[in-house]
Amino acid sequence: MNKSDKRFMTGLIMSLVLHGAIFGGIWFWSVPTFLANTSDEIYEVSDVVSDYVPELDEQSVKNVQKIARKHITKIEFVILESSALDKLFGKSRLIARQVEDERLKAQRKTIPVVKNPATKPKLLFRTPVAYPEEAGGETGTIVVCFLVGYDGVPEYTSTAESSGNRFIDSAALDSCIKWRFAPARDAKGRLVRCLVYIPVTVKP
């Protein structure tokens, strides 16, 4: 087969393909397709399903409306005095502070506790320990362990070494939780939590 015959056969094949595509498209759009059949089936199923959904009769509709009116009539509007509003807003602010305190407590626990920080906590403020009458006039020294938070506020106090008098120990711990520190920092200057041990002497 020479080149002219090859060109003729190629042109004939392309012509047949083109005409087939045209006639196929015309047939596709003129004859209902499987998509149309499927949509018809969907509508038929919808009609069947709707037959099983009960329609509310007039009495049922009235019952529903009656129940709705009953609940709506229970809604009461009360005009609050300024003093009541102040109390309401005061409670809202109290709740907001409590939520913030809880958030800060959770944040404190994410800061690591460093045993030997580069900058150790420095005591800034201390309250005197009120001598307990139950101590019986004794003098005692207790070593208090502080867990100083990243903000310088003690998270808790505990007894590292007892004074030998439980009343003196208890009075010292109650007072020391109110002390305040300059917080500790690590080698990179970041605020950290740290344990501090301070001897506290309690005397009458």
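The values are calculated or read from the model by the stated rules, or taken from the named source; none is laboratory data. Since this is a predicted model, take the numbers as computed values, not measurements. So basically every Cβ, Gly included, is an ideal-geometry build from the backbone, and we count neighbours across all protein chains shown.
Evaluation of Lys203 against the conditions (1) more than 16 Å from Thr127 (Cα to Cα); (2) in contact (Cβ under 8 Å) with a residue 60 or more places away in the chain shows that the sole unmet condition is (1).
One line per residue, one yes/no per condition, for (1) surrounded by fewer than 17 Cβ atoms within 10 Å (Cβ to Cβ); (2) modelled with pLDDT under 95; (3) among the small types (Gly, Ala, Ser):
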{"residue": "Leu124", "(1), (2), (3)": "yes, no, no"}
{"residue": "Tyr131", "(1), (2), (3)": "yes, no, no"}
{"residue": "Glu134", "(1), (2), (3)": "yes, yes, no"}
{"residue": "Val143", "(1), (2), (3)": "yes, no, no"}
{"residue": "Phe146", "(1), (2), (3)": "no, no, no"}
{"residue": "Gly152", "(1), (2), (3)": "no, yes, yes"}
{"residue": "Glu161", "(1), (2), (3)": "yes, no, no"}
{"residue": "Phe167", "(1), (2), (3)": "no, no, no"}
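Number of residues in segment 135-187 that are touching a residue at least 40 places away in the same chain (Cβ under 8 Å) and of a type in the set (Ser, Thr, Tyr): the value is 4.
In segment 99-143, of all residues being closer than 19 Å to Thr157 by Cβ and among the basic types (Lys, Arg), the one that is farthest from the chain's Cα centre (by Cα) corresponds to Arg126. Residues in segment 122-168 that are β-branched (Val, Ile, Thr) and closer than 16 Å to Arg180 by Cα: Thr127, Val129, Val144, Val148, Val153, Thr157.
Just one residue in the set Ala118, Ala106 is surrounded by fewer than 19 Cβ atoms within 10 Å (Cβ to Cβ), free of Cβ contacts under 8 Å to residues at least 24 places away in the same chain, more than 30 Å from Pro204 (Cβ to Cβ) and not polar (S, T, N, Q); that residue is Ala106.
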